[in-house]
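I have placed the structure first, in the form of structure tokens, so that the comments after it can refer back to it.
Bear in mind that the values in this text are calculations on the coordinates, not laboratory data. Fair warning: this is a prediction, and the values are worked out from it, not measured in the lab. No Cβ is skipped: glycine too gets one built from the backbone with ideal geometry, and neighbour counts run over all protein chains shown.
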Amino acid sequence: MKKKDYPHIILTQLNHFKSTFPPECKIVKAQDCLIRYEDKEEESEFYFQIHSFSLNNSEFQYLISFKPTNQNTLAGITRTLNFAGVEASLQNWGNIIKLFNETDFFDEDPITNFYTKEFFNEYKLLDEDADKNPFDIRRQLIINHYLENSIKFIEKYERLNPEVDLTEPKRIAIELQENLTEYNQNQVILKLSEFWAITRKKGLSILKEIFFELAKEVIKEIGKKMIGI
């Protein structure tokens with residue numbers, strides 16, 4: 001790499017970041033940094049910022065900071081990464097923002113929040129790649145099959161109990177089915193936790209089937225035990 005090429009390379013890389021950022025965020029003007037992205041949600045404090053760059057062993061390194069760190073840690077983090085690392089971190093951050101914006105995990109309903117957090121804290125995966133990689137195809141098929149059976153149960157339950165509205169848990173199950181191959185492992189666990197939380201609030205008779213009966217294989221496949229057992 002020749003010195004005369006440095007400005008062109010930096011400009012190309014920065015333009016790439018600007019043109020490929022996640023749709024859940026926006027670029028905003030900020031002082032003392034190269035690029036700053038923020039969550040489109042007005043009240044959100046989530047951001048991703050590229051502060052500066054340096055040259056290390058003929059490779060450009062970028063000082064970045066972002067918040068949240070991951071689904072489990074709302075605090076921010078600062079690190080230095082190469083071009084590929086920044087690109088991967090930006091896309092992963094965008095996936096986290098998308099998940100937070102789509103879920104009721106931070107809903108105003110304290111009961112649903114409590115149940116969601118209880119399930120997620122019990123079943124979240126601690127493997128290093130759980131916040132980066134999706135489930136393998138075998139487990140994706142198992143989870144999809146579980147969701148199909150859960151939807152069938154919900155529809156049958158609603159026919160037999162027309163006074164009970166299960167629109168919301170059904171919506172979450174369908175949404176997870178549609179995005180199952182795009183979510184990383186803990187994003188799937190979080191959506192399942194929300195699904196279980198809302199069905200739990202609807203009544204233990206519903207939870208008994210949705211969770212304790214139908215979800216047995218899913219929970220076994222992620223290496224966990226049924227809650228309370």
Phi-derived 3J(HN,Hα) across region 140-151 with the Karplus relation (6.51, -1.76, 1.60, θ = phi - 60°), rounded Hz, x for Gly and Pro, is 4, 5, 5, 5, 4, 4, 4, 5, 4, 5, 5, 5
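Given a cut-off of under 8 Å on Cα pairs at least six residues apart, what relative contact order in percent is computed for the chain?
Numbers: 275 pairs, mean separation 34.4, N = 229.
In percent, rounded to a whole number, it is 15.
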Relative contact order for region 110-221 using alpha-carbon pairs under 8 Å, separation at least 6, rounded to a whole percent? 44
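Restrict the search to region 156-229; then list the trypsin sites (Lys or Arg not before Pro) that DSSP places in a loop and that have at most 13 other Cβ atoms within 10 Å of their Cβ.
Lys225
Taking the Cα centre of the chain as origin and charging only Cβ (+1 Lys, Arg; -1 Asp, Glu), how large is the dipole, in debye to the nearest 20? Spell out each step's value before the answer.
Working: 30 positive and 37 negative charges, 132 e Å.
That gives a dipole near 640 debye.
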Over 23 Å between alpha carbons, listed pairs Lys40/Lys202; Lys98/Lys216; Lys124/Lys201; Lys98/Lys170: Lys40/Lys202; Lys98/Lys216
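Per DSSP H run of n ≥ 4, the term is -39500 (n - 2.57); total these for the chain, divide by its residue number, and report the mean residue ellipticity at 222 nm rounded to 500 deg cm²/dmol.
Only helices count here, giving -16000 deg cm²/dmol.
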State to the nearest 20 debye the size of the charge dipole of region 3-94 about its Cα centre, where the only charges are +1 on K and R beta carbons and -1 on D and E beta carbons. 400
Per residue of region 203-219, in order, report the coupling 6.51 cos²θ - 1.76 cosθ + 1.60 (Karplus, θ = phi - 60°) as ³J(HN,Hα) in whole Hz, putting x for Gly and Pro. x, 5, 5, 6, 4, 4, 7, 4, 9, 5, 9, 6, 8, 3, 5, 4, 5
Answer with one residue from Ile143, Ser205, Gln185: the one whose Cα lies farthest towards the positive end of the charge dipole of region 110-221, charges on Cβ with Lys, Arg +1 and Asp, Glu -1. Ser205
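Can you give the percent of C-alpha pairs in region 142-229 whose distance is more than 19 Å? Intermediate values should be presented prior to the final figure.
Numbers: 1266 of 3828 pairs.
Percent of Cα pairs beyond 19 Å in region 142-229: 33.
Compute the length gained on full extension between Ile111 and Ile174: take 0.36 nm times their separation in residues and subtract their Cα-Cα distance, giving the result in nm to one decimal. Don't jump to the answer; show the numbers that get you there.
Details: separation 63, 0.36 × 63 = 22.68 nm, distance 2.25 nm.
Once the chain is fully extended between Ile111 and Ile174, it gains 20.4 nm.
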Show the residues, 5+ positions off or on another chain, whose built amide H is closer than 5 Å to the amide H of Asn82. Tyr62
If the cut-off is a Cα-Cα distance under 13 Å, which aspartates and glutamates reach Lys152, setting aside same-chain residues fewer than 8 apart in sequence? Glu209
Förster radius 30 Å - calculated FRET efficiency between Lys224 and Asp165 (Cβ-Cβ, nearest 0.05): 0.50
Of the options Gly85, Tyr47, Thr167, report the single residue whose Cα projects farthest towards the positive end of the charge dipole of the chain (beta-carbon charges: Lys, Arg +1; Asp, Glu -1). Gly85
If each K or R counts +1 and each D or E counts -1, the residues other than Glu158 whose Cβ falls under 14 Å of its Cβ total +1
Order of 42-50, 14-22 by packing, highest average Cβ count within 10 Å first? 42-50, 14-22
Calculated FRET efficiency for the pair Asp32/Ile9, C-beta based, R₀ 30 Å, to 0.05: 0.85
